[in-house]
Structures are given as structure tokens and as C-alpha cells.
1. If we scan region 62-81, do we find a residue that is of a type in the set (A, V, I, L, M, F, W, C), assigned to a strand (DSSP E or B), closer than 23 Å to D11 by Cα and not assigned by TED's automatic domain parsing to the domain that holds Q168?
2. Among all residue pairs at least 6 apart or on different chains, which show Cβ distances below 9 Å where the first residue, located in region 66-80, is within 12 Å of G26 (Cα to Cα) and at pLDDT 80 or above and the second is of a type in the set (S, T, Y) and in a loop (DSSP other than H, G, I, E, B)?
3. How many residues are in a loop (DSSP other than H, G, I, E, B) and either of a type in the set (V, I, T) or under 15 Å from C13 (Cβ atoms) (or both) if we restrict to region 33-50?
4. Can you confirm whether A211 is closer than 21 Å to I31 by Cβ, buried (at least 20 other Cβ atoms within 10 Å of the Cβ) and either in contact with a helix residue (DSSP H, G or I) (Cβ under 7 Å, 6 or more places away or on another chain) or outside the structural domain of H170 (by TED's automatic domain parsing) (or both)?
5. Which one is surrounded by the most Cβ atoms within 10 Å (Cβ to Cβ), of the residues in region 27-65 that are β-branched (V, I, T), in contact with a strand residue (DSSP E or B) (Cβ under 9 Å, 6 or more places away or on another chain) and modelled with pLDDT of 85 or more?
6. How many of the residues in region 219-256 are surrounded by fewer than 17 Cβ atoms within 10 Å (Cβ to Cβ) and among the polar types (S, T, N, Q)?
7. What's the total number of residues in region 1-26 that are under 17 Å from K72 (Cα atoms) and either in a helix (DSSP H, G or I) or at pLDDT below 85 (or both)?
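The values are calculated or read from the model by the stated rules, or taken from the named source; none is laboratory data. As the structure is a computational prediction, the values presented were derived from the model and not from experiment. Cβ: placed from backbone, ideal geometry, glycine included. Neighbour counts: every protein chain shown.
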Amino acid sequence: MLREIVVIDDDKCNGCGNCVPGCPEGALQIIDGKARLVSDLLCDGLGACIGECPVDAITVEKREAVKYEENKVMANISKQGENTIIAHLKHLKDHGETVYYNEAVVYLKKNNMRVPDLDKPRHQAGHAHAGGGCPGSRTLDFSSDKDDNGGNDNTGKQPSELKQWPIQLHLVSPNAPYFQKKDLLLAADCVAFSMGNFHKDYLKGKSLAIACPKLDEGMDIYVEKLTSMIDDAMVNTITVMIMEVPCCGGLLGAAKQAVSLSKRKVPIKVIVIGLKGDVLSEQWA
């Protein structure tokens, strides 16, 4: 059908990622260092992301595109928590999209989910920073803030070994400075919660990306990002940490597929973690 939909100018886009959280519908992702419209059916064409772009790379055009489907949007964002649902409903209400808004409310009720009261005052944390957009996905490299020579005697407070932000694979930019010629740790979401020594023994000295192959959508996007990390960021090695449950194997599969598609070949180490946090196996794939 002919309808309005966003378009991104690759020449202008600098890959900052501000537009991603600006689209609660989940239609935008950073791939190969550029913002991409990953699905026409998730884009309502209202252009809420335009105001988040500091370089005016996003506009709205009328072209042939698949129909926007509110039910699929709700199925996507309902996994991300109430704040995302509220942002989406407010987005629809502010633009007068009563049909889509009502469809979203029906979806919430049908799935026994609470319908947020948009008129109820909510605490708003500060969101201002250079370039606009949500700071939750702003690229931050704070490796220089970590004292690698300070030592750790395992007494008292255990310091974090995280040296970057963001860490979720959908949010990171493959060209972020903290991936450049570094060792990549690709970990399933549950791993760090299962292991008491995750930071000290496995995260230290590595750049991190986390994902859940069972619950996350867009595994093909993950493969593209990992391929870009190999070819463009030139990561040295990839360590894949997964739980012993079968669904976790999808993360290792994505890493292997990325290596097979890349121009460079990097070694992959796979570490399988038991449900009680013990290491069941550790080997090069």
C-alpha cells in the first residue's frame, strides 16, 4: 500500500543511535554503524524519531510499504516493560491516532496486561544530553575510568569490570570505540546472574554484548552486527558464554554464522555455564 514511512539518509547518519529509543515501536536499529529501518510494518510513519536525530538524517516519505500492524508492534514492545508501552501509547495519543491507540488497548486487555493511565503524573528522570535522545542507548566508553593496575584482593567491595555502555546487542553500535581491535565477550542474558565471578574472571579486559536467543527478535540483525564487529571493528577474539539450556545455543550459532560471513576469521571460544553457575565446558569452537 502507498503510505508515509520514515527514510534515513545514509550520508548524513553518523550512527549515534539517538533515534533507536526515540522509536518505541522498535522499527529502528543501528546496523553497520548506521540507523536502519528494520521493518516497515513496525513504522507508523508519524516520525517521532525525527526530533531525536542531531544531523537531520531522518525524514518521512510516501512510498509503497507493507501495512503498519499495531498488534505486531504491541507483541514486540510488550516484552520491553511498561515504560516502553507507555511511550508508545502516548506517542499514538499525541498524534491523534485513535484507531491504533484503541487497537493497542484491546491487545493489552486481551493479554491480561494493565492499561496505563496516561493522565496520571509520572516521575520523569532527566533526559537532557548533547545530541538529544535517551541516554540509555548513548555510546559510552569509560575504560579510562577503570584502574587496571589497582589490583583486587577479593576482599570488600567487588569492583565492576564493565567499561562501556550500552551492552544489549540490539543497542550497541558495531563501530563503537570499545569494540575496536578488542576481545569480544558475547554473553547470554542469564550468565552474569548465574556466576558470582563473572566480572573478575570473564568480563575483565573484554568488551561486552549481551543477548537472549530465545526471547530477542531479529537474530538476523545480530548476525549482521557481529559480522560488522569482525570486519569493521576488527575484534580479536569472540568468547561466547551461554547457559546449558538448549535455547542458548542460538547465540553460539549466530557467532559462528557471523564468522562464516565475514572477510576475516577470528577464533571463537564457547563457555557453557550450568544453572548453578558452574562451568560445564570451555573450548574453542
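1. No: region 62-81 contains no residue that is of a type in the set (A, V, I, L, M, F, W, C), assigned to a strand (DSSP E or B), closer than 23 Å to D11 by Cα and not assigned by TED's automatic domain parsing to the domain that holds Q168.
2. Between residues of region 66-80 that are within 12 Å of G26 (Cα to Cα) and at pLDDT 80 or above and residues that are of a type in the set (S, T, Y) and in a loop (DSSP other than H, G, I, E, B), the close pairs are K72/S39.
3. 3
4. So A211 passes the test.
5. The qualifying residue surrounded by the most Cβ atoms within 10 Å (Cβ to Cβ) is I58.
6. Result for region 219-256: 2.
7. 4
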